1. Which aspartates and glutamates, on any chain, are close to LYS51 with Cα under 16 Å apart, when same-chain ones fewer than 8 places away are left out?
2. By how many nm would the segment from LEU556 to GLN441 grow when fully extended, if each residue of separation counts as 0.36 nm and the alpha-carbon distance is taken off?
3. Taking H as built 1.01 Å from N, whose amide H comes closer than 5 Å to the amide H of LYS320, not counting residues under 5 places away?
4. Please work out the Cα center distance from segment 42-113 to segment 635-652, rounded to the nearest Å.
5. Give, in nm to one decimal, the length gained when the segment between ARG501 and THR360 is fully stretched (0.36 nm per residue of separation minus the Cα-Cα distance).
6. For the chain, what does -39500 (n - 2.57) per DSSP helix run (n ≥ 4), summed and divided by total residues, give at 222 nm, in deg cm²/dmol to the nearest 500?
7. Can you sort SER270, SER393 by how many other beta carbons sit within 10 Å, fewest first?
8. Apply the a/c threshold of 1.5 to the C-alpha gyration tensor of segment 181-243 and tell me whether it is rounded, prolate or oblate.
Amino acid sequence: MTIINVLLPLAIADAYSYLLPDDLHAEIGDFVEVPLGSRKMIGVVWPDDGKKPPAKTVKLKTVIGVVEMKPLPLELIKFLNWVCDYYISPKGMGLRLVMNVPEAIGVVQNIDAVRMGTGEVERSTKARDQVLDICEGGETFRKSELAKQAGVSVAVVNGLLKMGALSMAQMPKFAKFKVPKTNHNLADLADDQHAAADTICQAVAVQKFETFLLDGVTGSGKTEVYFAAIAKAIEQGKQAVVLLPEIALTVDFLQRFENRFGVEPAPWHSGLAKGARERVWRAVASGEAKIVIGARSALFLPFDNLGLIVVDEEHDGAYKQDSGVMYHARDMAVVKANIGKFPLILASATPSLETYLNATSGRYTHLVLDKRHGGAKMPHVRSIDLREHQPESQKFLSEPLITAMKAKLAAGEQSLLFLNRRGYAPLTLCRACGHRIACPQCDAWLVEHRFNNRLMCHHCGISIVKPTKCTECEAEDKLVACGPGVERIFEEVELLFPEARIELLSSDIQMNVDEIQRRLNAIAAGECDIIIGTQMIAKGHHFPHLTLVGVVDADLGLENGDPRAAERTYQLLNQVAGRAGREQKQGMVLLQTYMPQSPVMRAMIAQDREAFYKAEAYGRELANLPPFGRLASIIVSSKEQKKAFAFARTMIEAAPKITGMVILGPAPAPMGFVRGRHRVRVLARAPKGFKMQDWLKSGMLSVKPSGDLKVQTDTDPYSFF
């Protein structure tokens, strides 16, 4: 017997040692079944990192069997080790990101099906003839699929089987993904698009690692440029993956992809059914799925021969995972491309400051598209100072914005009102005693959702029926909604424009993928006059008839203590502004603000992105904040606040004292009470290039929590709640 290391998809730091019987053969990357306590588990044979002492064979358990399937690629194993080391996460949690479709582990089984038989039909009927006509081509069908195609019941198919006119057969469990047609429906690229596409395609052709920032204004045709690079990768026999920040954008994107390549890509996101996830996972591993379009977790699919990664809207905060392995998909895409030695495209109209500085310093190749495709002009942007144009009491739309909307409605053009706040109102207040209805489990007010008459917490998910009297003083009919959410804006617009066709799009409205697509298609077709939406409507969509964008609260997000608050606000406003005037008519963007002189508003109005980046970089550098310094966030949580504070102090005392290192805290986290647990934050700040992980592991993280204490470490945090 030989000793092998087997990593299991559990919260364990390293692989376990097992004995491999002489009659079994397993290489690194192979899936094996092993005993773990009283149960059996599937794990992966893992390379020895040289850190563990030799195992004693006397105490080792024996591998049960080797799973018959392709092993995990060595590049993926190397990538997982890198990710888990960087984010100080157990390697087993990294493997769980790959093995998140348990049904896909093992040999895929064929399924029962039917095909044309040799028996005679006892009595011909219209229904029977319809079934047999479909089967005449010799194809094999599932019973249910055949019945559906023929427009008959399954009983008709069963009857034909009984008389021998159809016979039983076996067919693959999943339909194959078709090979994309690289020369199908080619776009007419402008000169700057051609130049950018040619530069990227050269790197794809020779398969060398290079990071490209595809930096283009909204509507400049960035997608068509990286479609050309994808086509080149397919021609080279490679696979490609396009990462997108959210499901709604993925749905819209799939249609564009199919129009360009003539086939559906392999989608990957949390909304997929279990069977669909298994199909994609297996097709990626076999190399059959040439292109995957997916959310951040698509980065951990077991690609057989990956040759290109595209990260669209690379600046988007949704690429940061906020639980488990707290990775940033954009940053890890750079690592994955470097390990695999192939190109990477980061695409954005408003790059993150980190990416922008990497491009302008020459570390990344900077490709600029500064004109809208097809001759469309950038929208005209101006602010509405709410100190001068106060909306009416309990209203939230100013007179200049209402006047502009009336003009667009009269002209048969569309308007979009954007507010990045779900629900009806962010706060419910009692006019009798001043009580504010809060979440019992979090430091947050309950948000009113009037469409379903409930108050909800957007942090822990608790939901209650809206009370009819104050929960504190029990006064009747004294509860009032304070502040606007998109549902309240919808109500105001209905009163202002009773004749208008209005569409509300928000992530908390119960819609499946098909319903989202139906609404987006209706808007694009001009079957709507006014759109009201949250962040899900802000980016990636092309609405030909939309010429006015009104931002209800342009200041939202600026005053939250987040070092990236200004950058995020600027990016979001730019994205939503980019929905206006994407065809022949120039668009208009109106920003309702109480701070028209803020750097964000000045940059938006002047359309001076470079000035904003320069000011933002200057402020970050002065404060030694990313990308000029490094941060790590340590959250200690417990049901008892005193216990959390005490443990945080103990961790700080264990930290090595090094010049340049600054430890801030312990202090209550900005969200100090979530899901019934008190949260205390310690923030470590270090110079750029400092090995933060080693310092943390040798000091603060060497102190192990006990009881109900939990410690969550976030290297390079993007969220500061």
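Just so you know, all these numbers are worked out from the coordinates, no wet-lab data involved. Bear in mind that the values here come from a model prediction, so they are computed numbers and not experimental data. So basically every Cβ, Gly included, is an ideal-geometry build from the backbone, and we count neighbours across all protein chains shown.
1. Straight-line reach from LYS51, under 16 Å: ASP14, ASP85, ASP694.
2. 38.9 nm
3. Answer set, sorted by chain and number: ALA329.
4. Their Cα centres are 34 Å away from one another.
5. 46.2 nm
6. The helix contribution divided over the chain gives -9000 deg cm²/dmol.
7. Ascending number of Cβ neighbours within 10 Å: SER393, SER270.
8. Details: a/c = 1.68, a/b = 1.26, b/c = 1.34.
Here segment 181-243 falls in the oblate category.
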